[in-house]
Amino acid sequence: MTYVHVIAGLLALCAGAVALSTRKGGGLHRRYGRIFVYTMLVMASMGAIIAARHVVAGFQPKMQTLNVIAGVTTCYLVVTALLTVRRPVGTEGSRWVDGTALLVALAVGIASIAFGLRAMTAGKDPWFPAAPALFFGSIALLAAWGDFRMIRLRGLRGRRRIARHLWRMSFAMFIATASFFLGQAKVFPEALRVFPLLAVPVVLVLAALAYWSVRVSFGKPTP
């Protein structure tokens, strides 16, 4: 299972880099975007399952709980981002599917923030895993609010629709990139274990997200 998780993660990073850097809506973007979705779901779900097993076994429970949160959040973001562009423009999706997604985001957000607040007072390190947990929780609650708005509006059109797809996919890519280059720095040769160097791919993902967000917000209107 671990090997599948690693291989899927590497494929997701490669496919995501192509999808994020190419013209949105183009053939290359769609093709590699599909690969990114499938490999990310395998990687994130496997990672969450492996981490959950470690939590049950009592192995690094705080760190592994954070990995469960990251895995579930990533799956949620990828699935909801995909559903956003798979539906016909302006149409209302399944209330059952959208409602379930909203509940998942709320549950993850509340659980993550509660875990982070407990970690702030229970551990020797006041910021880890508290800070990442609070960060993931805030993102999940923000996404839940987006789900609520979409349900209330009975679907999204134009820039809102594209922006929802863009930030959710990009943030999933950010989680994967940060987890690999920063969270697994030990797998790199010692000469490359320099934080500014390993942080470059993570910063590039955030820069791409910012660039495409501006393009979507101020560019040509989309259906």
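The values are calculated or read from the model by the stated rules, or taken from the named source; none is laboratory data. Model, not experiment: these values are computed from the prediction. Reconstructed Cβ throughout: ideal geometry from the backbone, glycine too, with neighbour counts over all protein chains shown.
Residue by residue through segment 110-130, note down the ones that are touching a Gly at 6+ places or on another chain (Cβ under 7 Å), at pLDDT 95 or above and not β-branched (V, I, T). S112 - this is the single residue of segment 110-130 that is touching a Gly at 6+ places or on another chain (Cβ under 7 Å), at pLDDT 95 or above and not β-branched (V, I, T).
One residue stands out in segment 1-60 among those that are on the phi > 0 side of the Ramachandran plot and of a type in the set (G, A, S): the one that is surrounded by the fewest Cβ atoms within 10 Å (Cβ to Cβ), namely G58. Exactly one residue out of L166, L141 is out of contact with any Lys or Arg (no Cβ under 7 Å at 6 or more places or on another chain), surrounded by fewer than 21 Cβ atoms within 10 Å (Cβ to Cβ) and in a helix (DSSP H, G or I): that is L141. For segment 187-217, name all the residues that are at pLDDT below 85 and under 20 Å from T84 (Cα atoms). Hit for segment 187-217 is S217, nothing else.
Of all residues in segment 103-131, how many are part of a helix (DSSP H, G or I) and buried (at least 20 other Cβ atoms within 10 Å of the Cβ)? Within segment 103-131, residues that are part of a helix (DSSP H, G or I) and buried (at least 20 other Cβ atoms within 10 Å of the Cβ) number 9. Of the residues T80, T65, T74, T39, the single one that is hydroxyl-bearing (S, T, Y), in contact with a Pro (Cβ under 8 Å, 6 or more places away or on another chain) and not in a loop (DSSP other than H, G, I, E, B) is T65. Total residues in segment 145-159 satisfying the condition of being modelled with pLDDT under 90 and either surrounded by 14 or more Cβ atoms within 10 Å (Cβ to Cβ) or not in a helix (DSSP H, G or I) (or both): the figure is 5. Here R31 passes the criteria (1) part of a helix (DSSP H, G or I); (2) touching a Lys or Arg at 6+ places or on another chain (Cβ under 7 Å) except the one numbered (2).
Of all residues in segment 83-102, those satisfying the criterion of being among the hydrophobic types (A, V, I, L, M, F, W, C) and surrounded by 19 or more Cβ atoms within 10 Å (Cβ to Cβ) are A101, L102. Here V89 meets the list (1) within 26 Å of G16 (Cα to Cα); (2) assigned to a helix (DSSP H, G or I) almost entirely, failing just condition (2). Of the residues that sit in segment 19-42 and are under 15 Å from F171 (Cα atoms) and hydrophobic (A, V, I, L, M, F, W, C), which one is modelled with the lowest pLDDT? By that ranking, first place goes to L20. In segment 194-212, the residues that are of a type in the set (V, I, T) form Cβ pairs under 7 Å with partners that are exposed (fewer than 14 other Cβ atoms within 10 Å of the Cβ), at six or more places apart or across chains, as follows: V202/L182.
The single condition among (1) closer than 28 Å to M1 by Cα; (2) of a type in the set (G, A, S); (3) without any contact (Cβ under 8 Å) to a residue 40 or more places away in the chain that A122 does not satisfy is (1).
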